[in-house]
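Reviewing the structure listed below.
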């Protein structure tokens with residue numbers, strides 16, 4: 001069994017001890033982190049390596065940043081890529097490794113999709129281009145990719161969908177890009193197993209958490225040849241209620257490989 005966690009920690013320096021709590025309670029084999037907000041050498045290597053993980057980091061000063069932690073019982077993880085294409089190299093938003101499991105080379109990727117700032121801004125087309133390039137980049141891989149996609153794909157993935165129609169994170173152009181992952185054979189593990197409300201992010205502002213005004217923007221996508229191994233997928237909602245929490249919560253996927 002392989003247990004994989006994805007979590008936008010919104011600063012690893014702020015939440016390394018919550019990350020340690022997550023490790024203690026869930027004992028994940030692989031952890032995807034986003035928005036670590038530090039350069040490689042500033043990552044909390046000592047604490048997390050001491051908990052039994054190899055660490056792959058693609059950091060950036062004060063912004064963005066992604067990482068993958070792999071349990072030490074895997075002796076062969078290899079770094080594959082830290083970029084999708086040259087036009088996205090200025091921002092640390094993607095990291096991919098491979099692990100050989102039962103003679104199968106499986107890719108694991110952590111992604112932090114651009115927010116887009118506003119639908120009318122120049123950063124919105126950049127977000128759409130990033131999603132398109134990501135889809136092309138992973139199209140033919142045996143892969144489990146997880147992260148903050150910054151898009152709620154369907155009405156059940158946001159509180160009061162009619163109020164948010166055509167807004168950032170819930171715009172038809174963004175949703176189309178995400179749904180095209182499904183069209184080429186990728187599956188969302190949580191939605192395969194659970195159709196209930198499963199938000200993963202609540203805004204710090206305007207009482208988002210207290211009013212449960214959430215969105216499901218953190219999830220996994222797995223290639224079709226991995227769906228037969230899918231055992232469970234769930235959220236750890238209690239992490240949003242911790243002292244000084246991230247605005248995102250961990251999401252977990254278990255594969256019976």
Exercise. Check the range 196-206 and report whether any residue there is at pLDDT 95 or above and in a strand (DSSP E or B).
Key: yes
Practice problem: Just need a number here: residues in the range 207-222 that are in contact with a helix residue (DSSP H, G or I) (Cβ under 7 Å, 6 or more places away or on another chain) and either exposed (fewer than 13 other Cβ atoms within 10 Å of the Cβ) or not in a loop (DSSP other than H, G, I, E, B) (or both). | Solution: 5
Quiz item: Inside the range 1-28, can you point out the residues that are surrounded by fewer than 22 Cβ atoms within 10 Å (Cβ to Cβ), in a loop (DSSP other than H, G, I, E, B) and modelled with pLDDT of 95 or more?
Solution: 10, 11, 27
Quiz item: Tally time: how many residues in the range 184-195 are part of a loop (DSSP other than H, G, I, E, B) and either surrounded by 12 or more Cβ atoms within 10 Å (Cβ to Cβ) or in contact with a strand residue (DSSP E or B) (Cβ under 6 Å, 6 or more places away or on another chain) (or both)?
Solution: 4
Quiz prompt | Failed condition for residue 50, given (1) modelled with pLDDT of 95 or more; (2) crowded, with 18+ Cβ neighbours inside 10 Å | solution = (2)
Quiz item: Name the pairs: first residue in the range 154-165 and on the phi > 0 side of the Ramachandran plot and free of Cβ contacts under 8 Å to residues at least 60 places away in the same chain, second residue surrounded by 15 or more Cβ atoms within 10 Å (Cβ to Cβ) and in a helix (DSSP H, G or I), Cβ to Cβ under 8 Å, at least 6 apart or on different chains?
Solution: none
Self-check item: Residue count, the range 22-38 (criterion: under 19 Å from the mean Cα position of the chain (by Cα) and either without any contact (Cβ under 8 Å) to a residue 60 or more places away in the chain or farther than 22 Å from residue 238 by Cβ (or both))
Solution: 7
Practice problem: Please tell me if residue 168 is out of contact with any helix residue (DSSP H, G or I) (no Cβ under 7 Å at 6 or more places or on another chain) and within 21 Å of residue 30 (Cα to Cα). | Solution: no
Practice problem: From (1) in contact with a helix residue (DSSP H, G or I) (Cβ under 6 Å, 6 or more places away or on another chain); (2) under 22 Å from residue 196 (Cα atoms); (3) outside any helix (DSSP H, G or I), pick out the condition that doesn't hold for residue 181. | Solution: (3)
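The values are calculated or read from the model by the stated rules, or taken from the named source; none is laboratory data. Quick caveat, the model's predicted, so the values are computed rather than measured. All Cβ positions, glycine included, derive from the backbone under ideal geometry; neighbour counts span all protein chains shown.
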